[in-house]
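A.B. asks: Following this message is one structure expressed as structure tokens.
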């Protein structure tokens, strides 16, 4: 539909200017209402609506309301619906009026894609307050051209053979063996160039089972993608002219030739059906030939396809192939899973997963892999311990190793050796299902060689300690000779006064640490010191205050314990200092040699008992009463040890060494050699720092540093 749009200026003598607007596309639906609806329509009215939808559709008109002045034969006011010149209806009144003609609920369907509505009213409307006119909707309805009657102009049916209705139009097509003529309606015989690529179908010769009126030469090609095999199943009703000979029918003038790639063609004729032919190919060409003489009713067949078959994949050691089927065909997949503890291997490389597909040539696109036993790798080495294989080898799945500590110098946490098994996740896992290695803790206070506790040799004039009997003994050289004791693999405990001069600790480079020797005439390179930690409560500026006489030395390197170097235990929580309890003091301090006192190069030791604290305090008080004012103060952080008759004592050079008490075959650090008055004199005792009072400080210092 085209519209003309004009602009008329309000000037006398002006000329109308018009533009031709483009044709708009027909609507598929719309609404039509009388003027001023739903108000009463005006008198003396004539209005026209020309409706159209696209070709190939009809118009369906549905009234939603009608109220037009009723009259016999709709004489006064009425709505006329036309298709061209043909009147489809003339309406007035409403659904309750006795006169007039109401369309009711049935829609009006136009024969074609156009419809015209004309609404007329006369110059009077006695019911003007009540008659409101009409309201209707229209929509496009597809025409089923194929079901329409044959045109009456003798032009024949719409389609010669097959008619296919489409939305808004129709299509013609032909039976097998015919092609559509250029007029898109007529079918003519043609059976060349047809390609069939569906998985199954039916083919038959032109006109089957009636002989065609003239010679034909047809070709049918069945072609599917590689991987499929075509089978032909001929019906029993088979008849192609042949010449009978003693050797059988000969196809001279009529034949059906079956051709498969890379094989000799096969000509078929006669009256015996070939039955089923399995081509073993995805492509088959059928050429059907007859001449103008003779009669061949022809043939029909159903063809089907099946997939190419692959060989059974076989089995795999320590694995499984899935799924397990009786036969495998093109596009089938198989997967390989290894048993627990085994891994997939192909071409010497491990692969995460494996699948292979049956190819169109009947072969699997990948060979099967192998399943090799997994290994967990070499077990981690254990600090201060070792690992031994109990079963299995090469770190393989289910191999079992045992971790043990280097006894008797280290013992496992939990006091048991731990077995680890190579697990399917390639980790060494312990019997309690953990991956963390055990911990080897140093064994403290248990020398590999023992001393007789009944021998009371003196440091002052005593005998040398045999090797490996006091393995915690340390020689500390700083501002002179001093002693100390090993308490951990990087920690030495000693007396604070050994490390201080004028109240300040020395630089770490000036401190020399030696351990593991009982003869110090020739010493190896000393161990390096990382840090020095003096007890914060130690303040001995006047040389008379040995309270809190305790210090720690941290080494730069970890010490591996052995027979000659082992730590001394810290005091237990219930440590007791009972009077008379025997303890052992050791050191490289002053000793008696004949009538002389010399600084010994051999490690000495002595067993002396704990002295009652009140007795010790009275002893030093008496010395002060006798005028000796240079006696240090005795505090609750100290205890005394010795014998009244003297000659068994520690002395200069032993400061910082251990006073060790043995309980249950294990020594613990009860005291640190701190101070005394006139070593080994009758009625005088040595004073020791009471280590049990400082366990919390020692442990906190080691943890924080």
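A.B. asks: Assuming 0.36 nm per residue, please report the length gained on full extension of the stretch residue 291 to residue 467 beyond their Cα-Cα distance. Show your work: numbers first, answer last.
C.D. replies: Values: separation 176, 0.36 × 176 = 63.36 nm, distance 12.36 nm.
Full extension from residue 291 to residue 467 adds 51.0 nm.
A.B. asks: Kindly put 316, 216 in sequence by how many other C-beta atoms sit within 10 Å of each C-beta, fewest to most. Write down the numbers at each step before the final one.
C.D. replies: On the way: 316 19, 216 23.
In order of increasing Cβ crowding within 10 Å: 316, 216.
A.B. asks: Further question: How far apart, in nm, are two points set 7 Å out from the Cα along the Cα-to-Cβ line at residue 28 and at residue 169?
C.D. replies: 1.6 nm
A.B. asks: Once you place label points 7 Å from the Cα toward the Cβ at residue 219 and residue 394, how far apart are they in nm?
C.D. replies: Spacing of the two 7 Å Cα→Cβ label points: 6.3 nm.
A.B. asks: Mind jotting down the distance between the C-alpha centroids of segment 199-229 and segment 297-339, whole Å?
C.D. replies: 30 Å
A.B. asks: Between residue 664 and residue 106, 0.36 nm times their residue separation minus their Cα-Cα distance comes to what? Intermediate values should be presented prior to the final figure.
C.D. replies: Values: separation 558, 0.36 × 558 = 200.88 nm, distance 11.50 nm.
Once the chain is fully extended between residue 664 and residue 106, it gains 189.4 nm.
A.B. asks: Could you put 66, 582, 515 in order, starting from the residue whose Cβ has the fewest other Cβ atoms within 10 Å?
C.D. replies: Working: 66 24, 582 14, 515 21.
Going from least to most buried by this count: 582, 515, 66.
A.B. asks: I would also like to ask the following. What does the extension gain come out to for residue 512 and residue 245, with contour length at 0.36 nm per residue minus their alpha carbon separation?
C.D. replies: On the way: separation 267, 0.36 × 267 = 96.12 nm, distance 12.35 nm.
Fully extending the segment from residue 512 to residue 245 adds 83.8 nm.
A.B. asks: Using the alpha-carbon centroid of each, what span in Å lies between segment 516-587 and segment 241-265?
C.D. replies: 114 Å
A.B. asks: On to the next question. Along the three principal axes, how long is segment 26-143 when you take its alpha carbons, biggest first, rounded to the nearest angstrom?
C.D. replies: 44, 25, 24
A.B. asks: With r as the distance between the Cβ atoms of residue 233 and residue 197 and R0 = 22 Å, compute the FRET efficiency 1/(1 + (r/R0)^6) and round to 0.05. Spell out each step's value before the answer.
C.D. replies: Numbers: r = 18 Å, r/R0 = 0.83.
With R0 = 22 Å, the Cβ-Cβ based efficiency is 0.75.
A.B. asks: Round to the nearest 10 and give me the degree value, 0 to 90, for the angle of helix 695-704's Cα axis relative to the longest principal axis of the chain.
C.D. replies: 40 degrees
A.B. asks: Still on this structure: Summing -39500 (n - 2.57) over the DSSP H runs of n ≥ 4 in the chain and dividing by its residue number, what mean residue ellipticity at 222 nm do you reach, to the nearest 500 deg cm²/dmol? Please list the in-between numbers first.
C.D. replies: Working: 3 runs with 27 residues, N = 705.
Helix contribution divided over all residues of the chain: -1000 deg cm²/dmol.
A.B. asks: Return the FRET efficiency for the residue pair residue 340, residue 162: r is the Cβ-Cβ distance, R0 is 45 Å, and the value is rounded to the nearest 0.05. It would help to have the intermediate numbers written out before the result.
C.D. replies: Numbers: r = 64 Å, r/R0 = 1.42.
Using R0 = 45 Å, I get an efficiency of 0.10.
A.B. asks: What is the helix-to-structure angle for 613-625, meaning the angle in degrees between its Cα long axis and the longest Cα principal axis of the chain, kept from 0 to 90 and rounded to the nearest 10?
C.D. replies: Helix 613-625 sits at roughly 50 degrees to that axis.
A.B. asks: Then there is this: Can you sort 623, 638, 584 so the residue with the fewest Cβ neighbours within 10 Å comes first? Working shown, then result.
C.D. replies: Working: 623 17, 638 24, 584 20.
Ordered from fewest to most neighbouring Cβ atoms within 10 Å, 623, 638, 584 come out as 623, 584, 638.
Quick note: the coordinates plus some simple rules give every number you see, no bench work behind them. Source: prediction; values computed, not measured. Virtual Cβ from ideal backbone geometry, glycine too; neighbours counted across all protein chains shown.
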